[in-house]
1. Do any residues in region 119-131 that are closer than 15 Å to PRO147 by Cα and part of a loop (DSSP other than H, G, I, E, B) have Cβ atoms under 8 Å from those of residues that are hydrophobic (A, V, I, L, M, F, W, C) and open to solvent by less than 60 Å² (accessible area, probe 1.4 Å), where the two are at least six apart or on different chains, and which pairs are they?
2. Specify which of the listed residues (ARG126, ARG138) is over 18 Å from the mean Cα position of the chain (by Cα), modelled with pLDDT of 85 or more and under 22 Å from ARG100 (Cβ atoms).
3. Restricting the search to region 1-27, which residues are part of a helix (DSSP H, G or I), surrounded by fewer than 11 Cβ atoms within 10 Å (Cβ to Cβ) and either of a type in the set (A, V, I, L, M) or in contact with a Ser or Thr (Cβ under 8 Å, 6 or more places away or on another chain) (or both)?
4. Name the single residue that is most open to solvent (accessible area, probe 1.4 Å) among those in region 43-74 being under 18 Å from MET108 (Cβ atoms) and touching a strand residue (DSSP E or B) at 6+ places or on another chain (Cβ under 9 Å).
5. Hey, can you tell me all the residues within region 28-43 that are modelled with pLDDT of 95 or more and either in a loop (DSSP other than H, G, I, E, B) or among the β-branched types (Val, Ile, Thr) (or both)?
6. Does region 84-91 contain any residue that is assigned to a helix (DSSP H, G or I), under 30 Å from PRO168 (Cα atoms), out of contact with any Phe, Trp or Tyr (no Cβ under 8 Å at 6 or more places or on another chain) and free of Cβ contacts under 8 Å to residues at least 40 places away in the same chain?
7. Among (1) modelled with pLDDT of 90 or more; (2) surrounded by 11 or more Cβ atoms within 10 Å (Cβ to Cβ), which single condition is LYS117 missing?
Amino acid sequence: LGGGEYATILQRLTEAYQTRKKGSSRLDFQELERFGMGLLRRPDIAERCRRRFRWILVDEFQDTSPVQYELLSALHKAPLNHLVVVGDPRQSIYRFRGARPELFSRMMGQIEQAGGKIFHLDENFRSRPALIEFFNERIPRLFPDFPRPLVATRTDGDVAALEIIRLPEETSVEVQRETEARFVI
């Protein structure tokens, strides 16, 4: 298929998808986020939601998108309610869906500024020590905003295979991450 043919097919699929959703009164995930944020921009609705949810827990926060961050910020208002976030920006896997791991650092700053507590869970019980050691050597360069090393608690047991991808030192962090992802795929 040529570029024009591909664009035409994609346009038709998009139109069919939108028509089908509308005909069955359904929303997709992005629309739920967008319409939810629209509602939370109304002060009366935002206040009612804040009062309804005394505790808000967000797991896998490293995979939060800017819209989800905005939703969370609209829902949380200390001391009216409490916020707990759990995550590790080094494990973000949803950039293709708009996740921005740097929002994790921003949220940590907001939590500290508001007098909240931060607990670092640095023990890794899943991976073998050799893998954790390899990862810890690369953390400062790959994740300069979150350079905390991990501590392996698992014993070596069976020896795992570890394949090293060598890239020139000047390779950007983004290119390193993309190269690793492609290699794993």
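1. Hits for this filter: ASP122/LEU150.
2. Going through ARG126, ARG138 in turn, just one is over 18 Å from the mean Cα position of the chain (by Cα), modelled with pLDDT of 85 or more and under 22 Å from ARG100 (Cβ atoms): ARG138.
3. LEU10, LEU13, ALA16
4. My answer is LEU57.
5. Those that are modelled with pLDDT of 95 or more and either in a loop (DSSP other than H, G, I, E, B) or among the β-branched types (Val, Ile, Thr) (or both): ARG41, ARG42.
6. Yes: region 84-91 contains one or more residues that are assigned to a helix (DSSP H, G or I), under 30 Å from PRO168 (Cα atoms), out of contact with any Phe, Trp or Tyr (no Cβ under 8 Å at 6 or more places or on another chain) and free of Cβ contacts under 8 Å to residues at least 40 places away in the same chain.
7. With (1) modelled with pLDDT of 90 or more; (2) surrounded by 11 or more Cβ atoms within 10 Å (Cβ to Cβ) applied to LYS117, the lone miss is (2).
The values are calculated or read from the model by the stated rules, or taken from the named source; none is laboratory data. Computed from a prediction, not measured in an experiment: that's the story for all the values here. Using ideal geometry, Cβ is built from the backbone for each residue, glycine included, and neighbour counts are taken over all protein chains shown. Areas reflect the complete protein model, heavy atoms only, side chains present, ligands, DNA and RNA absent. Shrake-Rupley method; radii C 1.70, N 1.55, O 1.52, S 1.80 Å.
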